[in-house]
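Undergrad: Pasting in a structure now, in structure tokens, and then I'll have a few things to ask.
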Amino acid sequence: MPSLLVRNLAVARGDRKVVEGLGLAVAGGEILHIQGRNGAGKTSLLEVLCGLRQPAAGEVEGQPEPAQRHWLGHKNALNPALSPEENLRFWCALNGHPADRVLPALQEVGLKALRQRPCGRLSTGQRRRAALARLLAAPRPWWFLDEPLAGLDHAGIELLARLLGGHAAGGGAALVTSHQPLPEGLAGVRHLELRP
Amino acid sequence: MSAALAVFRRELLLAARSPAEWAQPLVFYLIVAVLFPLGIEAHDPALKVFAPAIVWVGALLAALLGVERIFRGDLDDGTLEQLLLADAPAPLLVGAKLAAHWLLTALPLVLAAPLLGIALGLEPLAVKVLSVSLLLGTPTLVFTGGFAAALTVGAQRAGILLPILVLPLMTPAVIFGGGAVRAAAVGLPFEAPLYFLGALLALTVTLLPFAAAGALRNAME
């Protein structure tokens, strides 16, 4: 799996540059924890690295292809009228993945019993778990996770730690933004602190 | 292609979950067309003269009703990001969404139009031309509206901005559509305006999904 290399990167939000002169490298087996206060540019940087947003300057090399990356934004990408199962099946069909891992994925995140309830009737944490199930429904080597801890209870945070640990141990890479610390005991975690 | 089919099916599933939302344009269309005869006299000969304009402008306004929400829900819940990051060309996915929107909101208008044409006193030939003109013209209305919706999806108060932006773009379809029906009603050749509608259809259906996908990418910046 080729590394993601960033050289002299600048990221702008509107007219304001939120990140300037950034250089980093992320390889398989690593978890890059991007930290910083509100407005430091964590989400904007992650969007640039994932390919959702163009950089204001600099180079991003080795950006993964669409079929190689998972994007979990701060919005869960779940239609409130559809159930977790329907949302996941749609995502699999959209990306050309077989849907045979949808039910095991929902079971692993603890939502099998709620799989047919409309997402609009799930709690914030349950919706976050349903979004995390996408990571399991189709294995991809690159994970871009924007504030994945938001809304998760203690058990949810442990679940995320398990998923991240398993992903890194399997040779995958994850870039995770959060202003909270990541769960303790995760191997291969590096930290990048952004300052506004 | 399977990705486009997935988007198309999802739109139908969402419509089945909230049928009232998708029935609004048809109900609005019928009310507008019925209000005109009430505004003048039911047997006024002027009604027959105005019938093409009434049906076409009604279709235009009805098509505008649901346009704003084409991409709004996907932006609000984050699905738009997944559509733009999917392993499929974004214009194809946008085209599938707009095609589903046409099927759900505009095809009922096309199917109801002959009834309204007859009620407004149009001759059988003019009613046929009315149906054909709407069949050719409503995709143009929906795809143009979809492009404008993509341009304004990130904007606040898009509901006010959208009609101002989109109505001038939709004017050619109304001119040619209404013109074809008017010509058929008075026994003049009506083919040329229909050809123009066909040309507009080919242009909008093939080009505007690319423009709309570009506008959506821009909205994510």
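The values are calculated or read from the model by the stated rules, or taken from the named source; none is laboratory data. These figures come from a predicted structure and were not determined experimentally. Don't worry about glycine lacking a Cβ; one is built from the backbone with ideal geometry, like all the others, and counts go over all protein chains shown.
Undergrad: With A:G166, A:G170, A:G120 as the choices, which residue is facing chain B (nearest Cβ under 10 Å) and surrounded by fewer than 16 Cβ atoms within 10 Å (Cβ to Cβ)? Spell out the reasoning first.
TA: Values: A:G166 fails: facing chain B (nearest Cβ under 10 Å); A:G170 fails: facing chain B (nearest Cβ under 10 Å).
Exactly one residue qualifies, and that residue is A:G120.
Undergrad: Is it fair to say B:G73 is crowded, with 22+ Cβ neighbours inside 10 Å, of a type outside the set (A, V, I, L, M) and part of a helix (DSSP H, G or I)?
TA: no
Undergrad: A further question on this structure: Could you tell me whether any residue of the stretch A:94-107 is within 13 Å of another protein chain (Cβ to nearest Cβ), closer than 16 Å to A:H167 by Cβ and not polar (S, T, N, Q)? Write out each step before concluding.
TA: So in the stretch A:94-107, the residues within 13 Å of another protein chain (Cβ to nearest Cβ) come out as A:94-99.
Next, from what is left, pick out any that are closer than 16 Å to A:H167 by Cβ: none.
No - not one qualifying residue is present in the stretch A:94-107.
Undergrad: Considering only residues that are within 14 Å of chain A (Cβ to nearest Cβ), touching a Gly at 6+ places or on another chain (Cβ under 8 Å) and closer than 27 Å to B:A173 by Cα, look in the stretch B:3-58 and name the one that is surrounded by the fewest Cβ atoms within 10 Å (Cβ to Cβ).
TA: Looking at residues that are within 14 Å of chain A (Cβ to nearest Cβ), touching a Gly at 6+ places or on another chain (Cβ under 8 Å) and closer than 27 Å to B:A173 by Cα, I get B:E21.
Here's the yes/no breakdown for (1) assigned to a strand (DSSP E or B); (2) closer than 19 Å to A:V11 by Cα; (3) under 15 Å from the mean Cα position of the chain (by Cα):
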| residue | (1), (2), (3) |
| --- | --- |
| A:F144 | yes, yes, yes |
| A:G151 | no, no, yes |
| A:A155 | no, no, no |
| A:R162 | no, no, yes |
| A:H167 | no, no, yes |
| A:G185 | no, no, no |
| A:L192 | yes, yes, no |
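Undergrad: While we're on this one: Which residue, of A:G172, A:G188, A:G156, A:G151, is in contact with a Pro (Cβ under 6 Å, 6 or more places away or on another chain) and in the same structural domain as A:L22 (by TED's automatic domain parsing)?
TA: None of the others qualify; the one that does is A:G172.
Undergrad: So, of the residues in the stretch A:73-92 that are of a type in the set (D, E, K, R) and facing chain B (nearest Cβ under 8 Å), which turns out to be farthest from B:F71 (Cα to Cα)?
TA: Quick first cut of the stretch A:73-92, residues of a type in the set (D, E, K, R) only: A:75, A:85-86, A:89.
Adding the requirement that they be facing chain B (nearest Cβ under 8 Å) leaves A:75, A:86.
Values: A:K75: 15, A:E86: 19 Å.
It comes out as A:E86.
Undergrad: Moving on to the next point. Show the residue pairs meeting these rules: Cβ distance below 6 Å; 6+ apart or different chains; first residue within the stretch A:1-23 and more than 30 Å from A:A169 (Cβ to Cβ); second residue of a type in the set (D, E) and at pLDDT 85 or above.
TA: A:A10/A:E20
Undergrad: May I ask you to verify whether A:R53 is loosely packed, with under 15 Cβ neighbours inside 10 Å, at pLDDT below 90 and farther than 22 Å from B:S2 by Cβ?
TA: No.
Undergrad: Kindly list the number of the only condition in (1) more than 14 Å from every other protein chain (Cβ to nearest Cβ); (2) more than 30 Å from B:V181 (Cα to Cα); (3) among the aliphatic types (A, V, I, L, M) that fails for B:L115.
TA: B:L115 satisfies all of (1) more than 14 Å from every other protein chain (Cβ to nearest Cβ); (2) more than 30 Å from B:V181 (Cα to Cα); (3) among the aliphatic types (A, V, I, L, M) except (2).
Undergrad: Scan the stretch A:24-37 for residues that are part of a strand (DSSP E or B), farther than 13 Å from A:F144 by Cα and either in contact (Cβ under 8 Å) with a residue 60 or more places away in the chain or not small (G, A, S) (or both) and jot them down. First the steps, then the outcome.
TA: The first filter runs over the stretch A:24-37 and keeps only residues part of a strand (DSSP E or B), leaving A:24-26, A:31-36.
Still in the running and farther than 13 Å from A:F144 by Cα: A:24-25, A:35-36.
Result: A:L24, A:Q35, A:G36.
Undergrad: Would the stretch A:30-40 turn up any residue that is β-branched (V, I, T) and either more than 14 Å from the chain's Cα centre (by Cα) or within 13 Å of chain B (Cβ to nearest Cβ) (or both)?
TA: No, there is no match, as no residue in the stretch A:30-40 is β-branched (V, I, T) and either more than 14 Å from the chain's Cα centre (by Cα) or within 13 Å of chain B (Cβ to nearest Cβ) (or both).
Undergrad: Here are some residues: A:R190, A:R134. Which one is of a type in the set (K, R) and buried (at least 18 other Cβ atoms within 10 Å of the Cβ)?
TA: It is A:R134.
Undergrad: Could you list all residues from the stretch A:38-57 that are assigned to a loop (DSSP other than H, G, I, E, B) and polar (S, T, N, Q)? Reasoning before the result, please.
TA: If we filter the stretch A:38-57 for residues that are assigned to a loop (DSSP other than H, G, I, E, B), which is where we start, we get A:38-41, A:51-56.
Residues satisfying the conditions are A:N38, A:Q54.
Undergrad: From A:V60, A:V19, A:V6, grab the single residue that is away from every other protein chain (no Cβ under 14 Å), in a strand (DSSP E or B), touching a helix residue (DSSP H, G or I) at 6+ places or on another chain (Cβ under 8 Å) and surrounded by fewer than 19 Cβ atoms within 10 Å (Cβ to Cβ).
TA: Selected residue: A:V60, the only one of A:V60, A:V19, A:V6 that is away from every other protein chain (no Cβ under 14 Å), in a strand (DSSP E or B), touching a helix residue (DSSP H, G or I) at 6+ places or on another chain (Cβ under 8 Å) and surrounded by fewer than 19 Cβ atoms within 10 Å (Cβ to Cβ).
Undergrad: Suppose we filter B:A158, B:A148 for residues that are in contact with a helix residue (DSSP H, G or I) (Cβ under 8 Å, 6 or more places away or on another chain), in contact (Cβ under 8 Å) with a residue 40 or more places away in the chain and surrounded by fewer than 24 Cβ atoms within 10 Å (Cβ to Cβ); which single one remains? Full working, then the answer.
TA: On the way: B:A148 fails: surrounded by fewer than 24 Cβ atoms within 10 Å (Cβ to Cβ).
When all the criteria are applied, what remains is B:A158.
Undergrad: Hey, does the stretch B:97-104 have a residue that's within 14 Å of another protein chain (Cβ to nearest Cβ), at negative phi and either over 17 Å from the mean Cα position of the chain (by Cα) or part of a helix (DSSP H, G or I) (or both)?
TA: Yes - at least one qualifying residue is present in the stretch B:97-104.
Undergrad: Do we have A:L145 as touching a Ser or Thr at 6+ places or on another chain (Cβ under 8 Å), in contact (Cβ under 8 Å) with a residue 12 or more places away in the chain and aliphatic (A, V, I, L, M) here?
TA: Answer is yes for this residue.
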